[in-house]
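Inspection log for the structure reproduced underneath, given as structure tokens.
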Amino acid sequence: MRILIVEDDINLNRQLAEALKEAGYVVDTAFDGEEGHFLGDTEPYDAIILDIGLPEMDGITVLEKWRGAGRTVPVLLLTARDRWSDKVAGIDAGADDYVAKPFHVEEVLARIRALIRRAAGHASSEIVCGPVRLDTKSSKATVDGKPLKLTSHEYRLLAYLMHHKGEVVSRTELVEHMYDQDFDRDSNTIEVFVGRLRKKMGVDLIETVRGLGYRIQAPTNAN
Ligand code: CA
């Protein structure tokens with residue numbers, strides 16, 4: 001899962017980026033509204049954290065532009081605590097949720113998890129596909145109750161496929177959601193990660209759809 005942070009407070013931006021990376025996300029950062037708008041307009045993010053008070057272009061304008069261009073990515077707004085009018089303007093502009101400053105990073109992480117889950121149609125923090133369970137809260141996965149030891153790339157791959165279970169996901173899409181913008185991307189590595197993941201899981205869950213990509217075809221369950 002790939003997140004964009006648009007926040008001009010360098011320390012806060014860095015603090016959020018570190019916490020998100022630790023939780024298994026890939027993170028891009030922008031420090032003004034213009035740069036943030038450009039990235040959100042051109043890169044496929046799974047969620048965006050957007051500050052309202054930004055240089056060059058304010059957050060509400062950035063959001064209105066994205067929504068006006070048909071970008072449906074979930075957006076979490078960062079608002080000043082006592083500015084209720086900002087929250088109203090933000091929600092009217094198409095924000096999915098907001099957090100008032102100052103906040104605990106844990107709260108932002110929880111809201112981001114929920115936004116990504118809901119965007120993919122999952123209500124619970126645990127996504128189940130047959131014997132495999134993905135706990136989005138702890139960024140851990142199990143097979144038949146046994147913990148899977150995954151590298152960060154393997155976890156991101158599994159998490160993306162599980163969030164999109166039942167859908168065919170192309171290699172390009174996986175690359176775009178597993179690496180940040182500065183990474184030297186190579187879609188051939190995806191095949192290697194899929195191979196390792198299959199081996200570690202020991203169950204036949206990831207299906208190769210020839211010429212199209214991969215799919216986790218899960219048995220129907222409530223999740
Ligand atoms: Ca600011």
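Of (1) touching a Pro at 6+ places or on another chain (Cβ under 9 Å); (2) within 12 Å of the ligand (Cβ to nearest atom), ASP9 satisfies all except one. Which?
(1)
Please list, ordered by first then second residue, the pairs with beta carbon atoms under 6 Å, 6 or more apart or interchain, first in segment 8-24 and in the same structural domain as ALA47 (by TED's automatic domain parsing), second in a helix (DSSP H, G or I) and open to solvent by 20 Å² or more (accessible area, probe 1.4 Å).
ALA19/VAL105; GLY24/TYR155
Assess whether LEU39 counts as being buried (at least 24 other Cβ atoms within 10 Å of the Cβ) and either within 15 Å of the ligand (Cβ to nearest atom) or modelled with pLDDT of 95 or more (or both).
Answer is no for this residue.
Go through segment 42-58 residue by residue and tally those that are open to solvent by less than 50 Å² (accessible area, probe 1.4 Å), within 10 Å of the ligand (Cβ to nearest atom) and of a type in the set (D, E, K, R).
1
Of these, LYS146, LYS199, LYS165, LYS140, which one is open to solvent by less than 60 Å² (accessible area, probe 1.4 Å) and over 23 Å from VAL6 (Cα atoms)?
None of the other options fit; the residue is LYS165.
Take the residues in segment 61-88 that are aliphatic (A, V, I, L, M) and over 23 Å from LEU20 (Cα atoms); name whichever of them is nearest to the chain's Cα centre (by Cα).
Checking each candidate, the answer is ALA69.
What is the one condition in (1) within 13 Å of the ligand (Cβ to nearest atom); (2) modelled with pLDDT of 95 or more; (3) among the polar types (S, T, N, Q) that THR29 does not satisfy?
Evaluating THR29 over (1) within 13 Å of the ligand (Cβ to nearest atom); (2) modelled with pLDDT of 95 or more; (3) among the polar types (S, T, N, Q) leaves (1) as the failure.
Please determine, by comparing only the residues of segment 59-84 that are away from the ligand (no atom under 16 Å from the Cβ) and in a helix (DSSP H, G or I), which one is nearest to VAL99 (Cα to Cα).
TRP84
Can you pull out the residues in segment 87-113 that are of a type outside the set (Val, Ile, Thr) and touching a Ser or Thr at 6+ places or on another chain (Cβ under 8 Å)?
The answer is LYS87, GLY90, TYR98, ALA100, LYS101, ARG113.
Within the set of pairs 6+ apart or on separate chains, which have a first residue in segment 199-211 that is free of Cβ contacts under 8 Å to residues at least 24 places away in the same chain, a second that is open to solvent by less than 60 Å² (accessible area, probe 1.4 Å) and outside any helix (DSSP H, G or I), and C-beta atoms under 7 Å apart?
That search, which allows pairs on different chains as well, returns GLU207/TYR214; GLU207/ARG215; THR208/TYR214.
For residues that are open to solvent by less than 20 Å² (accessible area, probe 1.4 Å) and assigned to a loop (DSSP other than H, G, I, E, B), scanning just segment 4-26, find the one that is modelled with the highest pLDDT.
Among those that are open to solvent by less than 20 Å² (accessible area, probe 1.4 Å) and assigned to a loop (DSSP other than H, G, I, E, B), it is GLU7.
The values are calculated or read from the model by the stated rules, or taken from the named source; none is laboratory data. Everything numeric in this text was worked out from a predicted model, so none of it was measured. Virtual Cβ from ideal backbone geometry, glycine too; neighbours counted across all protein chains shown. To get the accessible areas, we keep the full protein, side chains included, count just its heavy atoms, and leave off ligands, DNA and RNA. Shrake-Rupley method; radii C 1.70, N 1.55, O 1.52, S 1.80 Å.
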